[in-house]
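J.: Take this structure first; my questions come after.
Read-outs throughout are calculated quantities, based only on the coordinates presented, and are distinct from any laboratory measurement. It should be emphasised that the depicted structure is a prediction, and the values quoted were computed from it without experimental measurement. As a convention, Cβ positions derive from the backbone with ideal geometry for all residues, glycine included, and neighbour counts pool all protein chains shown.
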Amino acid sequence: ELAVEVRTLALDLAAPDAIETLHLATATLEVGVAIYNAAYAPIGEVVATAPEVLARVVEVNVLGPLLFARSFAAPMLVRRRGAIVLVSSLAGLQGTPRLAAYASSKAFISVLAEGLWGELRRSGVDVLGVSAGAIRTPGYAAATRREAPGTLDPDVVVERALRAIGGGPTFVPGWFNRVAGWLVGRLLPRRLAVAVMAASTSELT
């Protein structure tokens, strides 16, 4: 219907050579928009989580987007056009009990996107960090007993995020999520913000 060719590549993004494999697989293509939307989010307290699980959070959520952005930015800089989208989370705006490792990794992505946007903004290459709220996916449905306010369908998040490219370094899809992010991330005292997030994650399984 859209007259496009779809290519798939199965990768374990925690593998040391994952991003290099992806880079080689796309080397002959002119990638106009590169989106890193992978995340690993183990639920539970840090002290009760195995070290190898915590290491996987760093590999997928921190090292992955960092190397991904570097890999795809290089050819875009040569062409002087393109865009990189890094998907973060509202959880990264403050400490989030029972998702502490995941939330802190998403904070890294948000700051990374802002920094890259500043580095590349005059080169013709745009960078956008998307701080998404809850998204209506099978994984989210399996982890929670009730939907959080402001939950969005995946296609809505994608459409709004793509429209936001070129509008600045960060974007929060959904008016409820923007208000909630401002309240919890900027207005509330930190201890209260953490308490709010603790309540929101208390039923996650």
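J.: The range 4-76: D in µm²/s via Stokes-Einstein (Kirkwood Rh, Cα pairs, 10 °C, 1.306 mPa s)?
T.: Details: Rh = 13.7 Å.
Reported coefficient: 116 µm²/s.
J.: Here is a further query. For residue 88, enumerate residues with amide H under 5 Å from its amide H, sequence gap 5+ or separate chain, H modeled in the peptide plane.
T.: For residue 88, whose amide H was placed from the backbone, the distant partners under 5 Å are 130, 131, 132.
J.: Report the paramagnetic label zone for residue 153: residues of the range 1-37 whose backbone N is under 20 Å from a point 7 Å from Cα along the Cα-to-Cβ axis.
T.: Label zone hits: 1-2.
J.: Taking the range 132-205, which trypsin sites (Lys or Arg not before Pro) meet the DSSP loop condition and have no more than 10 other C-beta atoms within 10 Å? Display every interim value, and only then the final one.
T.: Details: sites: 136, 145, 146, 160, 163, 178, 186, 190, 191; in loops: 136, 145, 146.
Within the range 132-205, the qualifying trypsin sites (Lys or Arg not before Pro) (loop, at most 10 other Cβ atoms within 10 Å) are 145, 146.
J.: Give, in nm to one decimal, the length gained when the segment between residue 187 and residue 11 is fully stretched (0.36 nm per residue of separation minus the Cα-Cα distance). Each step should come with its number before you reach the end.
T.: Working: separation 176, 0.36 × 176 = 63.36 nm, distance 4.01 nm.
Extending this stretch completely gives an extra 59.4 nm.
J.: Test of the criteria: in the range 44-115, which trypsin sites (Lys or Arg not before Pro) are in a DSSP loop and have at most 10 other Cβ atoms within 10 angstrom of their Cβ?
T.: Details: sites: 56, 70, 79, 80, 81, 98, 106; in loops: 80, 81, 98.
Hits after loop and neighbour filter: 80.
J.: Can you list the residues, at least 5 places off or on another chain, whose amide H is less than 5 Å from the amide H of residue 34, using H built in the peptide plane?
T.: Close amide H contacts, sequence-distant or interchain: 83, 84, 85.
J.: According to the Cα gyration tensor, what semi-axes, each the square root of 5 times an eigenvalue, does the equivalent ellipsoid of the range 112-205 have, listed from largest to smallest in whole Å?
T.: Working: eigenvalues 146, 64, 23 Å².
Output for the range 112-205: semi-axes of 27, 18, 11 Å.
J.: Quick one: in the chain, what % of C-alpha pairs are over 32 Å apart?
T.: Working: 3475 of 20910 pairs.
Within the chain, distances greater than 32 Å cover 17 percent of Cα pairs.
J.: How large is the dipole of the chain about the Cα centre if only Lys and Arg carry +1 and Asp and Glu carry -1, each at its Cβ, rounded to the nearest 20 debye? Could you put the intermediate results ahead of the total?
T.: Working: 19 positive and 17 negative charges, 156 e Å.
Using Cβ point charges on Lys, Arg, Asp and Glu, the chain gives about 740 debye.
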